[in-house]
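Worksheet for the structure shown next.
The values are calculated or read from the model by the stated rules, or taken from the named source; none is laboratory data. Worth saying up front: this structure is predicted, and the values here are computed from it rather than measured. With ideal geometry, Cβ positions are generated from the backbone for all residues, glycine too; neighbour counts draw on all protein chains shown. The accessibility values were calculated without ligands, DNA or RNA, using every heavy atom of the protein model including side chains. Shrake-Rupley method; radii C 1.70, N 1.55, O 1.52, S 1.80 Å.
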Amino acid sequence: MGFFVCCIFIGMKIIITEDQSNKLIGLQRRLKDIMRVASDMVDDADRIYGNLDFCRYYQTLKKYVDDVVYEIIQTYEHPSYDVDDIENFIYNHVGYENFVNILMDMYGEKIETFYNMKTKDC
């Protein structure tokens, strides 16, 4: 079993095993695939949400983002993972707050713009 130097933080190295490296790469790929679904959902938000009354259902941006995460979980399709696996991955492997932070870092401007457009008359 070999060891890899993963990261360098201000002169400090983190040494991980080959197995750990492979697991990390697998998690990164899975997260990237899930984020591709998120991108499609953000780009198609008008079609997905249609004429839904945002003022009634999404009084806060947080409620809307929570629903986007729920929809990502429900929409993501993979031959090896079902909805429960994806939910477990997001909540237990990535962490819900971390996932939301990644989502908002990548697509937050689009999400906020769409939300503000849909709630401007509330």
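Please work out which residue is modelled with the highest pLDDT, limiting yourself to the stretch 15-30 and to residues that are open to solvent by less than 70 Å² (accessible area, probe 1.4 Å) and either assigned to a strand (DSSP E or B) or touching a His at 6+ places or on another chain (Cβ under 9 Å) (or both).
Let us first name the residues in the stretch 15-30 that are open to solvent by less than 70 Å² (accessible area, probe 1.4 Å), namely 16-17, 21, 25-27, 30.
Checking which are either assigned to a strand (DSSP E or B) or touching a His at 6+ places or on another chain (Cβ under 9 Å) (or both) leaves us with 16-17, 27, 30.
Details: 16: 66, 17: 73, 27: 79, 30: 85.
Once the filter is applied, the top-ranked residue is 30.
Restricting to the stretch 31-45, name every residue that is farther than 11 Å from residue 107 by Cβ, in contact (Cβ under 8 Å) with a residue 40 or more places away in the chain and charged (D, E, K, R).
33
Residues in the stretch 58-74: is at least one open to solvent by less than 80 Å² (accessible area, probe 1.4 Å), at pLDDT 80 or above and among the basic types (Lys, Arg)?
No, because not a single residue in the stretch 58-74 is open to solvent by less than 80 Å² (accessible area, probe 1.4 Å), at pLDDT 80 or above and among the basic types (Lys, Arg).
Pairs please, first residue from the stretch 83-100 and in contact (Cβ under 8 Å) with a residue 40 or more places away in the chain, second anywhere and surrounded by 12 or more Cβ atoms within 10 Å (Cβ to Cβ) and among the charged types (D, E, K, R), Cβ atoms under 7 Å, 6+ apart in sequence or on different chains.
89/30
Output the helices (runs of 4 or more DSSP H) that fall wholly within the stretch 42-122 and possess 2 or more residues being touching a Ser or Thr at 6+ places or on another chain (Cβ under 7 Å), or say none.
Once the helices (runs of 4 or more DSSP H) in the stretch 42-122 are filtered for at least 2 residues that are touching a Ser or Thr at 6+ places or on another chain (Cβ under 7 Å), what remains is 54-57.
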